[in-house]
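The values are calculated or read from the model by the stated rules, or taken from the named source; none is laboratory data. Here the structure is a predicted model, which is why all the values come from computation and not from measurement. Cβ placement follows ideal geometry from the backbone for every residue including glycine, while neighbour counts extend to all protein chains displayed. All accessible areas refer to the heavy atoms of the entire protein, side chains included, with ligands and DNA or RNA removed. Shrake-Rupley method; radii C 1.70, N 1.55, O 1.52, S 1.80 Å.
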Amino acid sequence: MIQIQVVPRHGVDAYALLRSKVLHEATTWYWGNKAKTRLRHIQSDGYIDVANAGGVIVARVFPKANRDLFYLAEKFMGRLVAWFEEALAAMNVPFPTAPVAKRRRARKR
């Protein structure tokens with residue numbers, strides 16, 4: 001899973017822009033549930049969970065197959081740039097790190 005954070009310019013609600021664009025104009029993207037939080041692409045079996053954090057889009061990519069992770073992330077980020085280039089300030093892709101396992105201490109005898 002990859003998380004993508006889309007930060008809009010000052011005074012812009014990127015989440016509202018995305019919901020409206022997908023609902024009314026998008027041809028290859030559609031909402032996968034009634035709450036309009038699960039975004040799907042017509043050529044992929046995976047989905048993207050989309051959430052609002054004060055106008056910032058927080059998207060988590062869930063591919064059905066591992067090979068689709070890059071495909072979904074690329075299509076999503078590319079479409080956002082094509083639709084909202086002037087309205088966006090940044091896109092962040094923090095990669096999750098594996099938790100560090102604690103070392104067991106040897107018992108003194």
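A compact table of results
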quantity	calculated
222 nm mean residue ellipticity, helices alone, for the chain (DSSP H n ≥ 4; -39,500 (n - 2.57); rounded to 500)	-8500 deg cm²/dmol
Residue-normalised accessible area of the chain, expressed per residue, 1.4 Å probe, Å²	72 Å²
Set of region 71-108 residues, backbone N closer than 18 Å to the point 7 Å along the Cα-Cβ line of Arg60	72-73, 92-99
Shape category assigned to region 1-63 from the gyration tensor of Cα positions, a/c cut at 1.5	oblate
Over region 47-109: Kirkwood hydrodynamic radius from C-alpha pairwise inverse distances, Å	14.8 Å
Degrees separating the helix 14-24 axis from the principal Cα axis of the chain, which is the longest one	50 degrees
Extension gain, Asn52 back to Ala87 (0.36 nm per residue minus Cα-Cα distance, nm)	11.0 nm
Per-selection metrics, the chain (Cα): Rg and Dmax in Å	17.6, 71
Peptides 95-102, 62-69 ordered by average Cβ neighbours within 10 Å, highest first	62-69, 95-102
Share of carbon and sulfur in the accessible heavy-atom surface of the chain [1.4 Å probe, %]	50 percent
Nearest 10 degrees, 0 to 90: helix 68-84 Cα axis against the chain principal axis	40 degrees
